[in-house]
Amino acid sequence: MKTIYAGLPFYDYLVKQEKSRSHSKIPFYCGPDALPPFQFCHDIIDVPALYNFYLMACDGSVVLDITSYFTASIVELSTVYYMLYDGSALSTSLPYGTYYLQFEDDSGQILYSEHFAVVDIDSGNWIKIQCSNTKDLGDILYATGDFEEVYYLNTQLNYPANEIVEIGEEKDGEFITEKLVTKYMYRISDYISRALHRCLIRLTQHDSITITDEVGNTYTPDVGNVQITSEWPHFDVCHVVIQFNDGENTAFVWTYDKANMD
């Protein structure tokens, strides 16, 4: 079994969860109407005919059998198969609380997801990040599985950044500016687990990203215009800063003769 860090990770042993391994108390987040999207990978010989997904309490007790709440798809490749859930709406809402998913199939295989908290995403400060790619990216089946990642961060837009780019030439010791580009950059700052960090560091490689801030504004960064920096104030807690532009709405261009002011 291979853990795919795209959406909610799954593991073949319970001890691999962040809560067990590093005592991280920071879960993934979702609303009551949809689980965090996920995909996991296993050997082709183990393609299940029957399987169940259980909503598990943090103490390991079964809360609900949610197999019928959603539809997962199976993609068979040459040597492995993928189980995918695209984050579509559940048929029945989940109760609020912190849980993990337990997957069991007819071969006796048992897998465990990372912990996630079901919260009211319509209340408080939540930033939503959606990302996908027109082609499969490494071990993530975006095109093959019609997959999109969705993350909720319990934070709000941080202070912005700006950059000025001057284009021109130096004449007689004086720099003559022929073109000025001012750039406005947005920032998100949050504390996350190591598991979520492994997912988000790939964000800049995606060609489709939509970020929705805490008041409902949406931003669509240009490809390659998302920067992520990380620092670790504690062993199991990451402080991540995501800096991004808003596509064509970000840069303001000025030229000396004003021929092509934007």
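The values are calculated or read from the model by the stated rules, or taken from the named source; none is laboratory data. As the structure is a computational prediction, the values presented were derived from the model and not from experiment. Neighbour counts run over all protein chains shown; Cβ positions are idealised from the backbone, glycine included.
Within segment 143-196, track down each residue that is without any contact (Cβ under 8 Å) to a residue 24 or more places away in the chain and assigned to a loop (DSSP other than H, G, I, E, B).
Answer for segment 143-196, where residues must be without any contact (Cβ under 8 Å) to a residue 24 or more places away in the chain and assigned to a loop (DSSP other than H, G, I, E, B): A143, D172, G173.
Any residue in segment 108-128 that is assigned to a loop (DSSP other than H, G, I, E, B), under 30 Å from L14 (Cβ atoms) and in contact with a Pro (Cβ under 6 Å, 6 or more places away or on another chain)?
From segment 108-128, those assigned to a loop (DSSP other than H, G, I, E, B) are 108-109, 114-115, 119-126; that's our starting set.
When the remaining residues are screened for being under 30 Å from L14 (Cβ atoms), the result is 108-109, 114-115, 119-121, 126.
Now drop any that are not in contact with a Pro (Cβ under 6 Å, 6 or more places away or on another chain), which leaves 114-115.
There is at least one residue in segment 108-128 that is assigned to a loop (DSSP other than H, G, I, E, B), under 30 Å from L14 (Cβ atoms) and in contact with a Pro (Cβ under 6 Å, 6 or more places away or on another chain).
What pairs come out if I take residues in segment 76-99 that are within 14 Å of P48 (Cβ to Cβ) and pair them with residues that are crowded, with 19+ Cβ neighbours inside 10 Å and among the polar types (S, T, N, Q) whose C-beta lies under 8 Å away, six or more apart or interchain?
Final answer for the pair search is Y82/Q39; M83/Q39; L84/Q39.
Results for (1) of a type outside the set (V, I, T); (2) out of contact with any Phe, Trp or Tyr (no Cβ under 6 Å at 6 or more places or on another chain); (3) under 20 Å from P9 (Cα atoms), shown as yes or no for each residue.
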| position | (1), (2), (3) |
| --- | --- |
| V181 | no, yes, no |
| H197 | yes, yes, yes |
| I201 | no, yes, yes |
| Q205 | yes, yes, yes |
| T210 | no, yes, no |
| P221 | yes, no, no |
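Going through D120, D222, D146 one at a time, which residue ends up being touching a helix residue (DSSP H, G or I) at 6+ places or on another chain (Cβ under 7 Å) and either of a type outside the set (A, V, I, L, M) or crowded, with 18+ Cβ neighbours inside 10 Å (or both)? So that I can check it myself, show each step before the final result.
Values: D120 fails: touching a helix residue (DSSP H, G or I) at 6+ places or on another chain (Cβ under 7 Å); D146 fails: touching a helix residue (DSSP H, G or I) at 6+ places or on another chain (Cβ under 7 Å).
Within the list D120, D222, D146, the selection yields D222.
Inspect segment 200-210 for any residue being over 14 Å from the mean Cα position of the chain (by Cα) and under 29 Å from K25 (Cβ atoms) and give the result as yes or no.
Among the residues of segment 200-210, not one is over 14 Å from the mean Cα position of the chain (by Cα) and under 29 Å from K25 (Cβ atoms), which makes the answer no.
If we keep just the residues of segment 230-249 that are of a type in the set (V, I, T) and either more than 23 Å from W126 (Cβ to Cβ) or modelled with pLDDT of 95 or more (or both), which is surrounded by the fewest Cβ atoms within 10 Å (Cβ to Cβ)?
Across segment 230-249, the extreme among qualifying residues is V241.
For segment 123-143, what are the residues that are surrounded by 14 or more Cβ atoms within 10 Å (Cβ to Cβ) and β-branched (V, I, T)?
I127, I129, I140, listed by residue number.
Within segment 145-187, how many residues are modelled with pLDDT of 80 or more, touching a Gly at 6+ places or on another chain (Cβ under 7 Å) and among the β-branched types (V, I, T)?
1
What about V63, is it aliphatic (A, V, I, L, M) and touching a residue at least 60 places away in the same chain (Cβ under 8 Å)?
For V63, the condition - aliphatic (A, V, I, L, M) and touching a residue at least 60 places away in the same chain (Cβ under 8 Å) - is not met.
Out of the strands (runs of 3 or more DSSP E) lying entirely within segment 29-103, which hold 3 or more residues that are of a type outside the set (G, A, S) and within 21 Å of Y142 (Cα to Cα)?
38-43, 73-76, 80-85
Does at least one position in segment 36-54 carry a residue that is without any contact (Cβ under 8 Å) to a residue 24 or more places away in the chain and in contact with a helix residue (DSSP H, G or I) (Cβ under 8 Å, 6 or more places away or on another chain)?
No: zero hits.
S20 - would you say it is more than 18 Å from E148 (Cβ to Cβ) and at pLDDT 95 or above?
no
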